[in-house]
Each structure stands twice: as structure tokens, then as C-alpha cells.
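Undergrad: The structure follows.
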Amino acid sequence: MKNLFAKIAVAGLFVLAPVIAQAAEGYSTANVNMRAGPSTRYPAVAVIPAGSSVEIRGCLSEVNWCDVEFYGGRGWVSGQYVQALYQQRRIYVGPQYYRPLGIPVIRFSVDNYWDRYYRNRDFYRERDRWSRGPDYYYRDRDRDNRERDRDRDNRDRDRDWRDQDRNRNWGDDARRGDWRDRDRGDRSFEDCRPGDPSCDE
């Protein structure tokens, strides 16, 4: 009978093992931004206060960033701001500890991750640009800002030209007025050039 219970217990552990391996408990070591992706350039979605408990859902193999859950929200935190309990001591989460802590190595995709967690966020509208990576997003945004600035400069230049045209038109009207005055025989505003027979009077 004892043998049967032991077998059931072992079988239960094998069934639960994948569930246990899906998350590890961690603690933030500082007030840290939880971000929408594994880089400080992704938008911040929350601030995790120092000492707060987080569930580590997985980490990237190539860079030390982890997908964490904090008060029901999901986001990314650098492993240098997350500690976990390992052999009765707290250690910073790093690739060498992923397997012993039961942290799965995962991948990040803006489309999948943002569709799941950020549909109601303002930055979700620009997910197509973010999906190429934060460096591309910022390069595109900087280019758009330069184009906006160039358009603004062109509008200012056009306004300057319109102002000059308005001033020029006013001068033309004044000259036309001079000619009207000349037609009336009033030569007080007339420009006389040397050698002009009309000025010889």
C-alpha cells in the first residue's frame, strides 16, 4: 500500500513538473521599470517597488532580460534588478541560474506578446514599427520628427514669402497710386529720372 502511494506521489510530481518549471519567485532589488519588451528603449508599463515579489515567467538566453508578472500585469525587467532564492541565499537572476531555478528560456515577439497583454495601451497602435525592434522604432521616429521639422521650416518659409509678397503688393499699390496721381496731373509724388523729358517742365 505504501508503495502504491509513493508511485502516485512520484507520478503527480511528473505531472506537476511542467507547471512548476513555468515560473520562479523573484524579488526586485530597486524601484525598477517593468517594460513592454526586453530593452530600456521599450515603453515602461509599471514601476516595481524595491523588495516586491515578482513571478519570473521566463528569460532570454542572449540577453539577461526576464518576462515577469507583477500584480497581474506582465512585462520585462533586466535580470540585474531581480534576485531569486537559490540554496538558501538570494542571487541575481542570470543565465547560469535559469535551469536550477526552473526558469524557462523563452523568445520575445512584439506581435504575440503585445496582442496578449497590451491591446489597451497607447503604444499598441505602433506595434508594427516596434516589431522591428526599439532601435528601428527610434530611428523611424527620429526621421519622422526631422521630416515634421522640415515641413514646419517650409511652412515658416512660405509664411515669410507671403509676408514679403504682401509687402511687395502694398508697394505696387503705392506705385499704382503714384501713376494715378500722375494721370491726374499731380506730379508731387512722381519720380523723375535724369534725361526724362516729362521732368523737364
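Read-outs: derived from the displayed coordinates by stated rules, not from any lab. Since we're looking at a predicted model, the values are computed, not measured. Heads up, the Cβs are rebuilt from the backbone with ideal geometry, glycines too, and the neighbour counts pull from every protein chain shown.
Undergrad: Under 5 Å between amide hydrogens, which residues at least 5 positions from residue 74 or on another chain qualify, with H placed 1.01 Å from N in the peptide plane?
TA: Here nothing satisfies the definition.
Undergrad: Within 10 Å of each candidate Cβ there may be at most 14 other Cβ atoms; applying that plus a DSSP loop requirement, which trypsin sites (Lys or Arg not before Pro) in segment 64-115 survive?
TA: In loop regions of segment 64-115 (DSSP not H, G, I, E or B), the sparsely surrounded trypsin sites (Lys or Arg not before Pro) are 107.
Undergrad: In segment 53-88, which chymotrypsin sites (Phe, Trp or Tyr not before Pro) are in a loop and have at most 11 other Cβ atoms within 10 Å, using DSSP for the loop call?
TA: 71
Undergrad: Local charge sum around residue 86 (other residues, Cβ-Cβ under 15 Å, Lys/Arg +1, Asp/Glu -1)?
TA: Value of the local net charge: +2.
Undergrad: With Cβ to Cβ distances under 15 Å as the rule, what net charge do the other residues near residue 116 carry (K, R +1; D, E -1)?
TA: Cβ neighbours under 15 Å give a net charge of +2.
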